[in-house]
Structure formats: structure tokens, C-alpha cells
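Undergrad: One structure coming up, written as C-alpha cells, with questions to follow.
Throughout, read-outs are computed from the coordinates displayed, never taken from laboratory work. For clarity, every value in this text was computed on a predicted model and none was experimentally measured. Note that each Cβ is placed from the backbone with ideal geometry, even for glycine, and that neighbours are counted across all protein chains shown.
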Amino acid sequence: MVSKASIRLAGLVVVLALTVAGCGNVVGGGSQAAGPLAEVDNSDFSYTIGSKDFTEQLVLGYIALQALEATGADVTDQVGLAGTDATRAALENGDIDMYWEYSGTNWINHLGNTDPIFPAKKQYEQAKQQELQKNNIVLLERAPFNNTYALAMREEAPDEVPALDGVTKISDIGPLIENNPDAATICVESEFRSRNDGLPGLEETYNFQFPEGNIALLDTGAVYTATDNGSKCNFGEVFTTDGRIAALGLTTLEDDKEFFPIYNPAINTLKEIYDENQEGLESTFTPVAQALDTKTMQQLNAAVDVDGEDPEDVAEQWLQDQGFIE
């Protein structure tokens, strides 16, 4: 005769077995791989994910981190590490294993080329080839969105400052500086102030120079706010995928001399990291990158900067919505 204690013990064993079986594929705090990621097994690998320290990079960093976790990888979080130069140095030094970098930044800043290449695919392919040959850095699949720089001003600026009436393209700023220098004020980040693909190169290409006292150095978010209210500047440096452009009613100026390079993001990693798990990394990031178009990135950025959501939550929700994780 079977005792009640034996029956309870047997039941407990069954419950535990079902629990273990049900949780066997759960990684990254409960997210399971779905869609194309469901076929990817990165469980034998550990990676440290980094990113730069602005909104879009935070979202992209968490997308990469959570995608890898969902395929079983052990992932260390270094998202929001620092600016461009420090994040690149962290990759080169092995402090991080990968991060999203933009093709224009690869081409101009890291490889030292002076002129952008059009169309986007050609610049990406050239940057990919040179990074591998010169620096042993591998560029994975690029996303189609282009987060290039732009100059913007508030829509109502021409009504408030008559000198700005008719300013619709960057080349219009030259005559403005000559005739109405007090109206030629600009807000920029410190990085944009010194980058070859930022203000110095812009001024050289368009053959004008903002008066030194007219340039205000601000944090990213403050640039948008100051440009919107005109408190410090009539023009501001913005990113074309930033959701605050539409939310604040800013207007971007036409880059009529095509100075700004194309900035398609791609996961950058060291060749030795790539060679250890080429198939796993390609299978993880190719479908993810291909799903990130301009409209999508604007919406993800706006969710953080306009709606106040957490970048990590925004990344997770997008991966779920796209069917990459459950």
C-alpha cells in the first residue's frame, strides 16, 4: 500500500520536473528567444556589451544585450559607458566585446578619411574593409536607419527673428553671419564642436565661421531645449533620428553641400571575438539590424526622450513587438 507521504513526494518530484523543463530556455530575467533568434544558441559564450552614453545608443545597447541573453549568452552590461573615443578605446583594449558604431564615424573619425562616400552601402562596405585590414575590427550587418547630424531651428524663429526669414539650408548661414551676426547663434555638444564631421568640418565646407561668442556648448538634451525656446541659440545640432525634432516642432536645414556623412549603425567587435562565434553573432544581429529603420528609431528615441520611458524597457518592448523575444 502506498502511503500519503509517498504520494505527496511523488507529486513534488513531478512539479519540480515540470518547473525545470518549463524554465530550461529562460535567460536574461525571463525572456525567451523567438522568431529567427529561437534557432540561435550562444550559451557557450560570454560577452560584455558597451555603448555610448546618449539615448539612441542606450536603446541599441540594451537591444544587443537582451538579444544575446535570449540566445543563452552570459552578458555583462556596460551600456552607457562614455563618448565615442572612450567607447572605441574600450573595444580596442578588450574592456568591452562589442558596441554599435555608425558607419560615418568609422569612416571619418576612426579611419581618418576626410570625405564621406555616397551611397550608404558603399561607405559601409569601405569602412568594413578598412576597419578589418587596419584595426582587426569586424563590422556586422548595418541597420538601414541613418542617424546623421543636422542643424535645426524652431519653426517660429523666422517670425520672431526677421533675419532668419528665408534660412532653409545650411549655406544660408554664411550670408546671415555676414549681415546679421547677432542672429547666427548655435548650440552644440562638446563632441560636435571638435569632430572632423562636426562643426569644424562644416564651417570649412560651407566657408563660414560662427563668431566664437555665438557658440554655446551644452549637453544633448539641453541643445534641443535651448534651440526650441531660443534662449541661447537660433540653431542647434541635432540627430536626424531623434524624436524630439518632431515633438518640439523643430525644422532641420537642408545639407545642400552634403557635408554630413551617412551614419548607419552596425555592431563592431574584435576579429578574435568574431572568429570564435561567427555564425552565432551573425545569426543574432543580422535580423535585428535589418529591422531598425529610421521611423522605428525615431519612435524608440521618442519613447525615452519625450515619454520618459526607460531605455532598457523600450528595448525589451521592441524586441517583443518584433517577435525576437517572448
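Undergrad: If you take the Cα atoms of region 225-277, find Rg, then find the Kirkwood Rh from the mean of 1/r over all pairs, what is Rg/Rh?
TA: 1.22
Undergrad: Give the relative contact order (percent, whole number) for the chain; include only Cα pairs under 8 Å separated by 6+ residues.
TA: 26
Undergrad: Given the chain reduced to its alpha-carbon atoms as identical point scatterers, what log10 I(q)/I(0) does the Debye formula return at q = 0.14, 0.15 Å⁻¹?
TA: So the normalised log intensities work out to -1.07, -1.19.
Undergrad: Cα axis of helix 278-290 to longest principal axis of the chain: angle in degrees, 0 to 90, nearest 10?
TA: Helix 278-290 sits roughly 50 degrees off the main axis of the chain.
Undergrad: Considering only Ser283, Phe259, Leu65, whose Cα is most displaced toward the positive end of the charge dipole of the chain, charges sitting on Cβ of Lys, Arg (+1) and Asp, Glu (-1)?
TA: Checked the options; the winner is Ser283.
Undergrad: Relative contact order for region 25-160 using alpha-carbon pairs under 8 Å, separation at least 6, rounded to a whole percent?
TA: 20
Undergrad: Over all Cα pairs of region 111-168, how is the pair count split among 5 Å bins, expressed in % and running from 0 up to the last occupied bin?
TA: 4, 13, 18, 15, 11, 7, 8, 9, 8, 5, 1
Undergrad: Per residue and in cubic angstrom, what volume does the convex hull of the Cα atoms of region 154-211 have?
TA: 87
Undergrad: Magnitude of the Cβ-charge dipole of the chain, K/R +1 and D/E -1, about the Cα centre, nearest 20 debye?
TA: Result for the chain is approximately 760 debye, rounded to the nearest 20.
Undergrad: Take every Cα-Cα distance within region 212-326, group them into 10 Å bins from 0 onward, and report for each bin the whole-number percent of pairs it holds.
TA: Pairs per bin, as whole percents: 11, 31, 31, 19, 7, 1.
Undergrad: Structure shown: which of Lys169/Lys232; Lys128/Lys295; Lys122/Lys232; Lys122/Lys271 lie over 27 Å apart, alpha-carbon to alpha-carbon?
TA: Those over the limit are Lys122/Lys232.
Undergrad: Now for a different question. Nothing charged except the Cβ atoms of Lys and Arg (+1) and of Asp and Glu (-1): what's the magnitude of the dipole of region 154-234 about its Cα centre? Round to the nearest 20 debye.
TA: 160
Undergrad: Pick out, in residue order, every one of the trypsin sites (Lys or Arg not before Pro) in region 187-269 that is DSSP loop and has at most 13 other C-beta atoms within 10 Å; say none if there are none.
TA: In loop regions of region 187-269 (DSSP not H, G, I, E or B), the sparsely surrounded trypsin sites (Lys or Arg not before Pro) are Lys257.
Undergrad: Quote the Stokes-Einstein diffusion coefficient, in whole µm² s⁻¹, for region 191-237, based on the Kirkwood radius over alpha carbon pairs, a temperature of 37 °C and a viscosity of 0.692 mPa s.
TA: 291
Undergrad: In addition: Sort all Cα-Cα distances of region 25-171 into consecutive 5 angstrom bins from zero, then give the percent of pairs in each bin up to the one containing the longest distance.
TA: Cα pair-distance distribution for region 25-171, in percent: 2, 8, 14, 16, 16, 14, 10, 8, 5, 4, 2, 1, 0.
Undergrad: Please state the charge dipole magnitude for region 97-187, taken about the Cα centre, from unit charges on C-beta atoms (+1 on K and R, -1 on D and E), reported in debye and rounded to the nearest 20.
TA: Using only the charged Cβ atoms, the result is roughly 660 debye.
Undergrad: Also, quick follow-up: Ranked highest first by the average count of other Cβ atoms within 10 Å around their residues, in what order do 156-167, 43-54 fall?
TA: Top of the packing list down: 43-54, 156-167.
Undergrad: Here is a follow-up. Could you sort 31-41, 55-65 so that the peptide with the highest average Cβ count within 10 Å comes first and the rest follow in order?
TA: Ranked by mean Cβ neighbours within 10 Å, highest first: 55-65, 31-41.
Undergrad: Please label the shape of region 100-213 as rounded, prolate or oblate, based on the square roots a ≥ b ≥ c of the eigenvalues of the alpha-carbon gyration tensor (a/c under 1.5 means rounded; beyond that, a/b larger than b/c means prolate, else oblate).
TA: In terms of gyration-tensor shape, prolate.
Undergrad: If each DSSP helix of 4+ residues adds -39,500 (n - 2.57) and the sum is divided by the residues in the chain, what number results at 222 nm, nearest 500 deg cm²/dmol?
TA: -13000 deg cm²/dmol
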